[in-house]
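Visitor: Here it is: the structure, laid out below.
Since every read-out is calculated from the coordinates, none of them should be taken as a lab result. All of these numbers come straight from a predicted model, not from anything done at the bench. Please note: Cβ atoms are built from the backbone with ideal geometry, for glycine as well, and neighbour counts cover all protein chains shown.
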Amino acid sequence: VRALKEPAVKLTFRHQHDFDDNGIIYWIGSNAKTAEWVNPAQYGLVVVTSSDGRNLPYGRLEDILSRDMSALNCHTNDDKRAWFSIDLGLWVVPSCYTLRHARGYGRSALRTWLLQGSKDGVNWVTLYTHVDDCSLNDPGSCASWPLEGNNEEPIRHVRIQQVG
């Protein structure tokens with residue numbers, strides 16, 4: 001991971017399918033694919049925060065990065081502006097992202113939300129807007145969205161913000 005922090009180093013991560021081994025979260029959690037994957041938030045390799053702070057009604061902050069076969073029940077309070085953010089500790093230009101619905105109820109799935117990026121964790125730019133998106137219908141369901149051409153500026157922080 002240290003090598004990627006050098007300004008001249010540029011790596012490309014290509015999504016092939018949900019939960020493949022090609023994403024930045026997997027890369028960080030596997031020490032550049034040199035070790036067995038660990039949840040990078042559990043080891044301080046990335047920092048997850050939420051609009052509810054550390055006290056979530058269900059689950060732990062690091063659960064949003066889980067690769068467990070069964071989805072975990074992890075979410076904020078039902079606030080129309082609730083969010084989770086991840087400080088990657090690295091500068092990235094995202095080209096795709098994947099979300100998985102918790103194991104709770106289908107009616108609690110995200111429908112209207114923003115994927116946002118930030119250089120500093122304070123000022124956010126919207127990379128993708130979802131309105132009445134039904135991709136995450138069932139508990140544990142996954143979906144991915146390409147971000148090609150949305151933003152070529154590198155970011156360090158990503159945030160999922162509910163807006164409805």
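Visitor: Just order 32-40, 156-164, 136-144 by mean Cβ neighbour count inside 10 Å, highest at the front, would you? Display every interim value, and only then the final one.
Guide: Details: 32-40: 13.2, 156-164: 18.6, 136-144: 15.7.
So the order, starting with the most tightly packed, is 156-164, 136-144, 32-40.
Visitor: Further question on the same structure: Could you name the lysines whose alpha carbon sits less than 30 Å from that of residue 10, not counting residues in the same chain fewer than 8 places away?
Guide: The reachable lysines, counting only those whose Cα sits under 30 Å from residue 10, are 33, 119.
Visitor: Turning to a different aspect of this structure: Sort 122-129, 60-67 by the packing proxy (mean of other Cβ within 10 Å over each peptide's residues), most packed first. Don't skip to the end; give the middle numbers.
Guide: Details: 122-129: 13.9, 60-67: 18.2.
For the peptides 122-129, 60-67, the packing ranking is 60-67, 122-129.
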